Amino acid sequence: MEVEPQLACPDPVTSKGERPARGAKLSSPDLSFLFETMIANRFPVDKWEELGKKLGMSKHDLSSIEDEPYERRFLAVIYKWRRNSSTTIPGHLLEALKSIDENYACAVERKWLIPCEPASGTVHGVFVPFNNMPLDRPLSITHLQALEEQLRTLGFSPTQWFTLGLALGLNYMTLDDIGLDNRGDCEQCFWQVLTAWIDGDDYTCWRGPATLERLCHVLKEMELNDVAQKIQQKFSQNQVNESYTNPDVEIHRQPSPWRTEDDVINEGHIPFIVELLGYLNIKGNSRFFLRLGLSIHEIRVVEDDVKSSGGELILKLLEKWIDKKADEANVKKLSDAISCTSPEKGRRFKAIVEGGGFFKQIAGKESTKSLPLKDGASGDLPENVLTDLFVYIIEPTTHISHSKWHRMGQELGLDGSLLNGIEKEGVDCGSKFVLVIWRWVNNWASRPGSSPPTQQHLIAALKTIDGAASAENLKAHFGRRAQNAVKPVLTRGADHTLPFEQLRLDTLPFEQLRLNTPFCSEHQAELFQLLKSCRFGTIEWFCLGILMRLDIAELLAIQKNNNRNVIACMREVLEHWLEGRGRSLEAGLPTPELLIKLVHSCNQHAAAENLECYFKRKSRR
């Protein structure tokens, strides 16, 4: 049988490429390849502080790096220097390295190559069992569990997950988020690094598809020659033969039509945008196009013409946006809309633009057996159902025993590390109950033998830990939701509801607001002070964010970005709500009346009554 052509795996050390311009600003691709080059050339890790001083970092910045593991502090120095300095150019860095070790600096400059173009092409494959994989054949998500077990067997330590991720081409920020999401659990972090690599995230796709050959190259850079040699010995003789007939995966390179965020979008880019939204698992719904700048009236007119909610509607709305906005329809506007949907997806989008495209895997019969979930969507527990479920759990009228969140996690099969991470989140029991379900939905694929989460699983688990009555109530909730799916509150009435942007512009000053008058983002500071004076407990910020229908991933990111400061977290939750982030608009426009209802649902009844009195007094005036 003729072996199908495979994508070559470019070696960033030896392949044809270009050196970063000494006087140009250090780009994200530059940084990604720099990290791999520095790891490969063995930077003297005890010189991290000296490197920071040579780069002009402050004592405060250097002291903050002391929390990082010793062996990767030099990487944190470079990352923070690029993030905080306005003059990050390769020339400055090379001079700093030269003052520490001239030979090392010369080696880095000689081998720091960026491929002229990211790898491109299409791979069509048949399913090949992991043990029969050739070294140069792209891996699919089907092979993830076997790959992880193989690396462990050969002596790779999961504690090296961060360095492995950098060398494979993942962003420093991506790896930071992986560590936060898993509370530093090396086992889970290692699993997610391998998943992201196989999926082609960040700049891993610049190195070509995920192959064992590429992995061996990286392991050698990490001085794990024994592990790399054992992999090469085991897989070097493997070939694809006629017995492998089960279609498994197709890997398509989707080249980006843009190079910078200033590029203007035209109608010829629409097919790429549709593919990109699917790859990032972003639903092109009304909220998304509101953020792009279309009005509710314009969206409803297109919906009435198309009379469907599928790909045709997204195509027509994109055409409308490009036609209406002309030069204002640029990559920056699209990036902002995606970032509002999810900060993590916003970062991935920017990496795709800078990286020149992405690899899209089309899973076949075998791959779908263990595909990990994207954003909590699986079977009959898609994102919108989960959002409603989380609100249902928090509502005090449901009478779910929130204190049994730990037992619920055990019943759903969460391991001790995930439950310990939830314990340390510092949120109320209701929010912990929600986090248990969210973690279950997002981590099921990492547990061997697990089946995709369903409503039936959830009902059965609740019955075990909280009794038949709670289970029947949850079943009834799912039934009601199936019959009355949530409809967007921003619908076109007889007066053609105003576009979201105009609503914000026409909103009254804070002191003139009434119960049903929408807030705007400019009211955030005054609204926070009012809640504080009404004695709303800011410690309930996470619970309030769930009721506001903000994404759980966003809430966890808020917690991380504000170092668990509940006051800062509360301010940011209000900001996200006022901007219509997540699925918040499904509950209605952000008005005082809605806020009072949400505060009541947080069991902050005194604060809710104080808020109601405040705005009723305003109405009488």
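What follows is calculated from the coordinates using simple rules that are stated; it is not laboratory data. Remember, predicted model here, so these are calculated numbers, not experimental data. Quick reminder, even Gly has a Cβ in these numbers, built from the backbone with ideal geometry, and neighbours come from all protein chains shown.
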- Message: Testing the spin-label approximation: label points 7 Å from Cα along Cα→Cβ at Arg564 and Ile539. State their distance in nm.
- Response: 1.3
- Can you list the aspartates and glutamates whose alpha carbon sits under 15 Å from that of Lys475, skipping same-chain ones fewer than 8 residues off? Asp380, Asp388, Asp466
- Query: For the cross-link pairs Lys25/Lys325; Lys25/Lys333; Lys80/Lys111, which exceed 28 Å when the distance is taken from alpha carbon to alpha carbon?
  - Reply: Lys25/Lys325
- Length gain on complete extension for the stretch Ser86 to Asn103, per 0.36 nm per residue less the alpha carbon to alpha carbon distance? 3.4 nm
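Grab the beta carbon distance between Lys332 and Ala468, set R0 = 51 Å, and tell me the FRET efficiency rounded to 0.05. Working shown, then result.
Details: r = 54 Å, r/R0 = 1.05.
Computed FRET efficiency for Lys332 and Ala468 comes out at 0.40.
If you average the sequence gap of Cα pairs under 8 Å that are 6 or more apart and divide by the length of segment 532-621, what percent do you get for the contact order?
On the way: 77 pairs, mean separation 32.4, N = 90.
36 percent.
Run the numbers for Asn266 and His60: contour at 0.36 nm per residue of separation, minus the present Cα-Cα distance, in nm.
Numbers: separation 206, 0.36 × 206 = 74.16 nm, distance 4.61 nm.
This chain segment gains 69.6 nm when fully extended.
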